Amino acid sequence: MSESKSIYIEFRSRGGKASQDVALMAIKNHRLLEMLIEGAAAPEKKVKNAAAKALRIVSEMDPETLYPRLRFFVRAIDGEETILKWIGMDIVGNLSFVDREKKIDKRVLDKYFALLADESLVSAAHAVDNLWKIAVNKPRHRALITEQLLEADSVKRTADCWAILAGKVILAFGRYFDHMRTRDRDAVIAFAQRQLDSPKKPTRKKAEAFLERFA
């Protein structure tokens with residue numbers, strides 16, 4: 001039995017629980033990466049999602065191996081399937097750490113900004129969680145990313161949903177605050193101060209911790 005067939009069998013029987021094991025195999029045997037990419041486009045949902053999760057793990061542990069296929073994951077962000085969209089966002093964010101060819105440009109950023117304003121809280125949260133990575137690795141886009149994150153409340157959400165997202169935004173700012181321009185730092189501190197009145201206790205705690213560290 002070929003490796004690819006045996007891995008598909010693992011995905012069909014164990015689903016996402018097999019993703020970690022398969023990812024470790026793919027890091028050691030790069031021939032399996034193409035099989036995972038094919039799996040992420042498979043019609044069978046269980047295989048597709050498990051393969052995509054394995055690719056996300058590879059992007060965290062060994063981003064260099066996936067960098068040549070970055071465009072594939074950028075296209076996934078535009079897809080209709082939400083899980084693949086979210087995983088594509090995560091993988092592109094991870095690949096920003098090795099983007100020596102500057103493929104993650106303004107056009108890619110615009111995809112994240114659009115999802116930051118998406119009605120889906122999960123999509124917006126994935127955008128926040130990955131924009132800080134790009135801000136760390138792409139100094140030329142840092143100010144624009146900060147501006148967009150500061151305006152993340154432009155979409156109408158319930159108070160609770162916005163509070164949850166605001167907590168993520170605070171954590172994102174903390175990842176690259178030391179690299180911000182002075183005027184952006186002032187705006188970010190003001191943002192954190194506003195969250196001290198958040199209806200969500202975890203968000204208030206994040207704001208307090210942020211201000212204690214940076215204000």
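Observations, loosely collected:
- In angstrom, the C-alpha Rg and Dmax of segment 42-121 are 12.4, 34.
- Cα pair count fraction exceeding 18 Å, expressed as % - segment 78-177: 41 percent
- Angle of helix 3-14 to the longest C-alpha principal axis of the chain, folded into 0 to 90 degrees and rounded to 10: 60°.
- Here is the size of the chain from its Cα atoms: Rg then Dmax, 18.6, 61 Å.
- Segment 154-215 versus segment 59-122: alpha-carbon centroid distance in Å: 24 Å
- Phi angles of segment 46-51 translate, via the Karplus equation with coefficients 6.51, -1.76, 1.60 and θ = phi - 60°, into HN-Hα couplings of 5, 5, 4, 5, 5, 5 Hz per residue; Gly and Pro are given as x.
The numbers here are math on the coordinates, done by the rules we state, and not lab data. Since this is a predicted model, take the numbers as computed values, not measurements.
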